[in-house]
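The values are calculated or read from the model by the stated rules, or taken from the named source; none is laboratory data. What you see is a predicted model; the values in this text were computed from it and never measured. Methodologically, a virtual Cβ is constructed for each residue, glycine included, from the backbone with ideal geometry; neighbour enumeration extends over all protein chains shown.
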Amino acid sequence: MNADTYGASGWRPTALGLAGILLLAGLLSACNITGPEDERWLDVSSFSWPTDTQAVMHYKTVKASSPSPSSYTVNIRLADSTDRRNATLKDKLTRINRWNLADQIYMLDKANYSHKEYFIPLKDTLIALMSEVGATYALVAPLDTGHTWYCSYGDDNNPTQQARIVERYSYRKIEGKIYKNVIEVKYSSVGSVSDTSFWVCFYAQGIGLIQRLKYQIPIKSDNAPDTTPIVEEETVLTETNIQQK
């Protein structure tokens, strides 16, 4: 995989220090004191794509069927009245109309790319509209390892896809660049035996999507799915003018 990672905790207690840690925990408990929340993982919107309309992001995609990579550039801009007349976007906004979304819809404006994507960065939810992954609720608080939620629904309002935070990392290295505070999220179908593909996305705080992988689970001759998925497509962030704080 095109990355180096480091666990979010970044340390493990030794046997020698365990007694002291337990003693400290007991003292804190006796004083009814709890440690502060880790601010890095509290704000879902900070893991969204940037809302700075001067942001420029360059990505490249490599597909198993074509080893030659394709590249595209993304500019961030606010959705305008023309965007809002898009029938598909209007339909998706109607489905999530419990929020006041008048002025906070952003577009991933991809140069020379026909597919349009939009996002809405809320404090506790990152809404993605018309995304390639297909997840409407791309991120949902809390950003804790193991947290699972339904991220898309069908016309009958039944869930069609679920998401799970696989891991949190202190850093992840992509294309030679190190990004701090990264979460790994898996998106997979709900109740579909025939769907043998799933997505894994990595989001960096203050940057948004830095890596996206589409996996395919091979089918054996007896029609039973193989247990070893293969990467069918990989997209990585190669350059951006946005700096992590």
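In table form, for the structure just shown:
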{"quantity": "Gln161, sole failed condition from (1) in contact with a Ser or Thr (Cβ under 9 Å, 6 or more places away or on another chain); (2) outside any strand (DSSP E or B); (3) surrounded by 21 or more Cβ atoms within 10 Å (Cβ to Cβ)", "calculated": "(2)"}
{"quantity": "Residues of the stretch 196-245 classified as among the polar types (S, T, N, Q) and modelled with pLDDT under 95, total", "calculated": "9"}
{"quantity": "Residues (within 21 Å of Tyr215 (Cβ to Cβ) and crowded, with 17+ Cβ neighbours inside 10 Å) located in the stretch 164-181", "calculated": "Ile165, Arg168, Tyr169, Arg172, Ile174"}
{"quantity": "The one condition in (1) under 30 Å from Glu239 (Cα atoms); (2) of a type outside the set (Lys, Arg); (3) in contact with a helix residue (DSSP H, G or I) (Cβ under 8 Å, 6 or more places away or on another chain); (4) surrounded by 16 or more Cβ atoms within 10 Å (Cβ to Cβ) that Glu184 fails to fulfil", "calculated": "(3)"}
{"quantity": "Out of Arg212, Arg168, sole residue that is touching a Cys at 6+ places or on another chain (Cβ under 6 Å) and part of a strand (DSSP E or B)", "calculated": "Arg212"}
{"quantity": "Residue match in the stretch 58-71 (condition: among the β-branched types (Val, Ile, Thr), touching a residue at least 24 places away in the same chain (Cβ under 8 Å), surrounded by fewer than 17 Cβ atoms within 10 Å (Cβ to Cβ) and part of a loop (DSSP other than H, G, I, E, B))", "calculated": "no"}
{"quantity": "Hits in the stretch 108-151 - residues which are in contact with a Leu (Cβ under 8 Å, 6 or more places away or on another chain), assigned to a strand (DSSP E or B) and not hydrophobic (A, V, I, L, M, F, W, C)", "calculated": "Glu117, Tyr118, Thr125, Tyr137"}
{"quantity": "Residue check for Ala79: modelled with pLDDT under 90, closer than 25 Å to Thr240 by Cβ, surrounded by 15 or more Cβ atoms within 10 Å (Cβ to Cβ) and of a type outside the set (Asp, Glu)", "calculated": "yes"}
